[in-house]
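Written below as structure tokens is the structure these notes are about.
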Amino acid sequence: MTSKSLKIAVIPGDGIGIEVMPYGVRCLQAAAKRFNLSLAFEHFEFASCDYYAKHGAMMPDTWKKTLSGFDAIYFGAVGMPDQVPDDVSLWGSLLKFRREFDQYINLRPCRLMPGVRSPLAGRKPGDIDFWIVRENTEGEYSSVGGTMFEGTERETVIQETIMTRVGVDRVLRYAFDLAASRPRKKLTSATKSNGISITMPYWDARVREMHKKYPDVAVEKYHIDILTAHFVQRPDSFDVVVGSNLFGDILSDLGPACTGTIGIAPSANINPTGDFPSLFEPVHGSAPDIFGKGIANPVGMIWAGQMMLHHFGFTEAAASMLKAIENVLERGDLDVTTADIGGRGNTQTFGEAVEKEILT
Ligand code: GGG
């Protein structure tokens, strides 16, 4: 997709999403200025717990019609558990976007960046560099189930996992295509087919079937428990990792943690057909524990904006944004960077340093 202009819905959401979003937008504006792109931003206050407090719902009934008119959604974070139960805020916003806009791919890079120290001994920038492809519209994140005998000794809760052939095949196809496009051509599938005896063997069978179409891609599968151990012990061995909604969610917090901080990790919720807007957000959540202090790392938000530009074919601007992030990280000025990577700076110093770097 290569149009010269983009219409972007900006939804800061909750917590540190509100604090990092301005720097994401400023960095995108800087890239637009430098590369002569036309980016139009419109801000929305819905999909937040503050909106819920005022209106009794996370979003207005008209949200889908409103957002359908945009090319992309730039999203901060959601969740303030002291105000609104987490399941209500998540299902009332982010999960609605992913499902209703059929953003069935959740793409998350896991890369050890220059200037960032991995908690794992002996790793240097470039050693860890892989993609996590998370199924994003079904799986364990289902609202199918119910409660029986509530409030009695026989209280029973049931929740189903949903796997459809269409849903599983389309995320596997995307992951195989991505693996086939990379030099190592290696795909790792997360499973738990020894314990979860219906849906996970089905997932494994679809991986085997899809593999027949990609004979050049080497495939390995690991149960999720040992796979988490491999993430910590040999993250350098991965190239593309594909997982169900829950497994992909867990792995994509663990992966960035192995590369130093979850604060820099971005994520793209992609509707590959282009029928609906795709959504770009940092991997991190609203972090109520640090909200209000102005110390959140803005790089996950900024890098998510970079993924947006790349997705829409603005490759030169996207490459320059990524380089700017790398340069600021590599410089490692402790008065600029945030505490999660050892610095004494704050959201503003870090965000403005990346913005300035994009413009130079
Ligand atoms: N920026 C991402 C965010 O707000 N995450 C909150 C969260 O709990 N997300 C769960 C998910 O990605 O499924």
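Here, each number is a calculation from the coordinates, and none is a lab measurement. Note that the coordinates shown come from a computational prediction; the quantities given were computed from them, not determined experimentally. We place every Cβ from the backbone using ideal geometry, glycine too, and count neighbours over all the protein chains shown.
The calculated FRET efficiency for the pair residue 127 and residue 156, based on their C-beta separation and a Förster distance of 56 Å, comes to about 0.70. Averaging Cα coordinates gives a centre for the stretch 136-184 and one for the stretch 288-360; these two points are 33 Å apart.
Entry note, the chain: the mean residue ellipticity at 222 nm calculated from DSSP H runs of n ≥ 4, each adding -39500 (n - 2.57), is -12000 deg cm²/dmol after division by the residues and rounding to the nearest 500. Couplings 3J(HN,Hα) for the stretch 292-308, derived from phi with the Karplus relation 6.51 cos²θ - 1.76 cosθ + 1.60 (θ = phi - 60°), are x, 9, x, 10, 5, 6, x, 5, x, 5, 5, 5, 4, x, 4, 5, 4 Hz, where x marks Gly and Pro.
Of the peptides 217-228, 158-169, the ranking by mean beta-carbon count within 10 Å, highest at the top, reads 217-228, 158-169.
Using the Cβ of residue 160 as centre and a radius below 15 Å, the other residues enclosed give a net charge of -2, where K and R count +1 and D and E count -1. Let me make sure I get this right: for the stretch 1-153, a, b and c are the square roots of the gyration tensor eigenvalues over alpha carbons, sorted descending. Under 1.5 in a/c it's rounded, otherwise prolate if a/b > b/c, else oblate. Which is it? Oblate, because a/c is 1.5 or more while a/b does not exceed b/c.
Taking a ≥ b ≥ c as the square roots of the eigenvalues of the Cα gyration tensor, the chain is classed as rounded, since a/c falls below 1.5. Give the residues of the stretch 289-305 whose amide nitrogen is closer than 17 Å to a point set 7 Å from the Cα of residue 83 in the direction of its Cβ. Of the residues in the stretch 289-305, 289-294 have backbone N under 17 Å from the label point off residue 83. Descending by average beta-carbon neighbour count within 10 Å, the peptides 58-67, 274-283 line up as 274-283, 58-67, the highest first. For the stretch 200-269 versus the stretch 35-114, the spacing of their alpha-carbon centroids is 25 Å. Each other residue within a Cβ distance under 15 Å of residue 56 adds +1 if Lys or Arg and -1 if Asp or Glu, for a net charge of -2. On full extension, the segment bounded by residue 360 and residue 96 gains 91.1 nm, given 0.36 nm per residue less the C-alpha separation. Counted residue by residue at 0.36 nm each, then reduced by the alpha carbon distance between them, the extension gain from residue 5 to residue 234 reaches 78.3 nm. Under the criterion of Cα pairs below 8 Å and six or more residues apart, the relative contact order for the stretch 1-87 equals 46 percent. Take 147-154, 257-264, 338-345, 85-92 and order them by the average number of nearby Cβ atoms within 10 Å per residue, most first; the result is 257-264, 338-345, 85-92, 147-154. Sequence-ordered 3J(HN,Hα) estimates for the stretch 5-11 from the Karplus curve with 6.51, -1.76 and 1.60 and θ = phi - 60° stand at 10, 9, 9, 10, 8, 9, 10 Hz, glycine and proline given as x. Note down the net charge around residue 9, summing +1 for each Lys or Arg and -1 for each Asp or Glu among other residues with Cβ under 10 Å from its Cβ. It works out to a net charge of -1. Based on C-alpha pairs under 8 angstrom that are at least 6 apart in sequence, the chain has a relative contact order of 24 percent. Its relative contact order, with pairs defined as Cα atoms under 8 Å and 6+ residues apart, puts the stretch 224-316 at 25 percent. Coupling constants for the stretch 200-212 follow from the phi torsions by the Karplus curve (6.51 cos²θ - 1.76 cosθ + 1.60, θ = phi - 60°), and in residue order they are 6, x, 5, 4, 4, 5, 5, 4, 4, 5, 5, 4, 4 Hz; glycine and proline get x.
Taking label points 7 Å from Cα along the Cα-to-Cβ direction, residue 211 and residue 193 give a separation of 0.8 nm.
Here r is the Cβ-Cβ distance between residue 117 and residue 250 and R0 is 30 Å; the resulting FRET efficiency, rounded to 0.05, is 0.85.
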